[in-house]
Number of protein chains: 2
Amino acid sequence: MTAATTLLAALEGSGHRTTGPRRIVAELVAGQDGAFTAVGLESAARAGGVHVGRATIFRAIELFESLGVVERVDLPAGDHAYVACVSHHHHHVICTTCGRSTEVEDVGIEALARTVGRRTGFRVDEHRLELFGICPDCQRVASGT
Amino acid sequence: MTAATTLLAALEGSGHRTTGPRRIVAELVAGQDGAFTAVGLESAARAGGVHVGRATIFRAIELFESLGVVERVDLPAGDHAYVACVSHHHHHVICTTCGRSTEVEDVGIEALARTVGRRTGFRVDEHRLELFGICPDCQRVASGT
DNA sequence: GCGGCGAATGATACTGAGTCTCAGTATCAG
DNA sequence: CTGATACTGAGACTCAGTATCATTCGCCGC
């Protein structure tokens with residue numbers, strides 16, 4: 001839940017207004033504990049009894065993303081999802097069962113990108129690494145009892 | 001252009017019918033020389049004067065994908081794109097300027113995935129690595145004349 | 001505490017990618 | 001050639017995401 005605070009702090013710190021709807025979206029994001037989609041947030045809002053316009057949710061997510069406190073990931077199924085994160089470069093491991101995500105500090109992919117650049121002649125500017133698997137909890141559940 | 005042959009061969013080899021529309025889609029894919037989107041193929045077909053139903057294009061792409069001769073990638077902009085490839089595990093470097101893509105044989109990401117697994121406790125089953133940059137040709141063009 | 005300005009909101013209409021259906025057609029085996 | 005059936009395509013449909021714009025609200029100065 002302190003995650004919501006982080007999101008709001010980022011808002012204030014960048015000269016954006018801290019409004020009611022944004023506060024709500026921040027809470028929703030913080031309450032997701034993993035990857036979430038825009039549509040998911042929308043229905044979460046409805047389920048929570050609060051009303052926030054669709055456009056506002058999209059705008060809020062977009063804003064959080066531009067502030068670096070939320071990051072876009074593409075699920076294997078092709079959906080556009082997001083995960084809250086603590087900024088700076090890192091990647092995510094996403095549980096395909098429960099959707100929870102964990103951040104992974106740089107594991108040497110920069111070097112890997114350089115290798116690719118050298119090998120192909122490309123100037124590699126950007127990369128996206130997403131890992132999918134089963135989180136410890138779900139493994140425990142899956143492995144009988 | 002031999003790429004179209006590869007696609008069609010994969011079709012035949014898997015017990016699927018080699019039909020006119022599929023042939024057309026294969027040609028279109030082969031003629032893209034890089035990443036392409038379903039919509040792009042559709043308009044390419046229209047531009048080429050041939051007519052293939054939207055549904056058919058989507059189905060053909062899906063089929064090629066399931067045969068492993070075409071792979072899905074997600075562009076930084078969030079579009080769903082595809083690239084033709086020669087199957088088995090590898091990754092792509094995609095030029096953000098011209099869209100051309102190059103395959104990269106495994107560069108040690110398996111090890112990287114294992115490291116992540118060890119560090120997070122996740123059982124990493126799947127990963128997606130996409131590299132974006134500027135290809136040699138575009139670099140040349142960009143760097144004055 | 002009050003007022004004004006501009007940012008933010010949200011209802012709604014719109015866009016466009018991707019899916020589904022189903023009658024008609026084309027492919028391939030026999 | 002013929003039948004079984006896989007494939008096709010027109011078009012309706014769904015639904016995520018965007019654009020519009022009048023109204024509201026947060027913030028800042030007073």
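The values are calculated or read from the model by the stated rules, or taken from the named source; none is laboratory data. Computed from a prediction, not measured in an experiment: that's the story for all the values here. Note that we place each Cβ from the backbone using ideal geometry, even for glycine, and neighbour counts take in every protein chain shown.
Quick rundown of the values:
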| item | result |
| --- | --- |
| Those residues of segment B:115-135 which are more than 25 Å from B:HIS80 (Cβ to Cβ), surrounded by 14 or more Cβ atoms within 10 Å (Cβ to Cβ) and either in contact (Cβ under 8 Å) with a residue 24 or more places away in the chain or of a type outside the set (S, T, N, Q) (or both), in sequence order | B:VAL116, B:GLY117, B:GLY121, B:PHE122, B:ARG123 |
| Subset of segment B:86-116 (residues that are out of contact with any Phe, Trp or Tyr (no Cβ under 8 Å at 6 or more places or on another chain), more than 7 Å from every other protein chain (Cβ to nearest Cβ) and small (Gly, Ala, Ser)) | B:SER87, B:SER101, B:ALA111 |
| Single match in A:GLY48, A:GLY15 (criterion: more than 10 Å from DNA strand C (Cβ to nearest atom) and free of Cβ contacts under 8 Å to residues at least 24 places away in the same chain) | A:GLY48 |
| Exclusive hit being in the same structural domain as B:PRO21 (by TED's automatic domain parsing) and farther than 22 Å from A:ARG72 by Cα, set B:GLY53, B:GLY121 | B:GLY53 |
| Scope segment B:115-145; condition assigned to a loop (DSSP other than H, G, I, E, B) and among the β-branched types (Val, Ile, Thr); matching residues | B:THR145 |
| Some residue of segment A:62-82 being more than 16 Å from DNA strand C (Cβ to nearest atom) and either without any contact (Cβ under 8 Å) to a residue 24 or more places away in the chain or in the same structural domain as A:ILE134 (by TED's automatic domain parsing) (or both) | yes |
| Among the residues listed as B:ARG46, B:ARG17, the single one being more than 14 Å from chain A (Cβ to nearest Cβ), within 13 Å of DNA strand D (Cβ to nearest atom) and in contact with a helix residue (DSSP H, G or I) (Cβ under 9 Å, 6 or more places away or on another chain) | B:ARG17 |
| Selection from segment A:31-45 of residues that are within 16 Å of DNA strand C (Cβ to nearest atom) and either over 13 Å from the mean Cα position of the chain (by Cα) or among the aliphatic types (A, V, I, L, M) (or both) | A:ALA38, A:VAL39, A:LEU41, A:GLU42, A:SER43, A:ALA44, A:ALA45 |
